[in-house]
Amino acid sequence: MTALLTDSLESPIGRLVLVFDAGRLCALDYADSAERRIRLLRRRYQQFRLSEAAKPCGATHQLRAYLGGELDAIDSIQVDPGGTAFQQKVWEALRTIPPGATRSYRDVAEQIGRPSAWRAVGRANALNPISIVLPCHRLVGTNGALTGYAGGLERKHWLLRHEGAGV
């Protein structure tokens, strides 16, 4: 059984829950998305135990700084999202999108060398276990429209406005 540490913090878009495995962030989701978070953790770890810890690994502090306007504060958070090789490429590509910018699913597919795989990019994005830090909110439709976000479109809109994106 894998021992995972958790922490949480209040934010303008709801309570955030952080989960850590061996010093790396492996999940970040909204408290009201517990079912999704547990399902993704079970898919990855099968059996795990969650234990609360105060500010493990400094990521809670960095996330608080990000929410306070230091948009690059989350850039150095070490992550371990698991996933397939393809998903990992997509999630790594998300981290290259700067705050205040957006990219389309097609843009990311081209960036990772799979230009026709934009639907698969969308599926990988939907399974991203580390929201905000792996900034899936920065992906939009080819026409620039806000599209699905596991935390809800209102939160996606807030995050993009917080980062200065013109949405």
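All of the numbers you see were taken from the coordinates with simple rules; none came from a lab. Here the structure is a predicted model, which means the values were calculated and not measured. Neighbour counts are summed over all protein chains in view; Cβ atoms, including those assigned to glycine, are modelled from backbone coordinates with ideal geometry.
Using C-alpha pairs under 8 Å with a sequence gap of at least 6, the mean separation divided by the residue count of the chain gives a relative contact order of 21 percent. Each 5 Å bin from zero up to the one holding the largest Cα-Cα distance in the chain carries the following percent of pairs: 2, 9, 19, 23, 21, 16, 8, 3, 0. GNM on the chain, alpha-carbon springs under 10 angstrom: the most fluctuating residue among GLY152, GLY141, GLY82 is GLY152. Gyration tensor over the Cα atoms of segment 2-67: the corresponding equivalent ellipsoid has semi-axes (square roots of 5 times the eigenvalues, largest first) of 19, 14, 8 Å. For segment 41-108, the relative contact order works out to 21 percent when only alpha carbon pairs closer than 8 Å and six or more residues apart are counted. Just how many % of Cα pairs in segment 85-162 lie over 22 Å apart, if you round to the nearest whole percent? Above the 22 Å cut-off, segment 85-162 has 11 percent of its Cα pairs.
Its relative contact order, with pairs defined as Cα atoms under 8 Å and 6+ residues apart, puts segment 85-162 at 32 percent.
Here PHE86 and PHE48 are evaluated by their C-beta separation; at R0 = 30 Å the FRET efficiency comes out at 0.80.
With both residues required to sit in the chain, DSSP beta bridges show an antiparallel share near 55%.
Among 44-53, 14-23, 62-71, 124-133, sorting by the average number of other beta carbon atoms lying within 10 angstrom of each residue, highest first, gives 124-133, 14-23, 62-71, 44-53.
Magnitude of the charge dipole for segment 25-152, about its Cα centre and with charges confined to Cβ atoms of Lys, Arg (+1) and Asp, Glu (-1), is about 500 debye. For the pair GLU154 and GLU70, the difference between a 0.36 nm per residue extended length and the Cα-Cα distance amounts to 28.1 nm.
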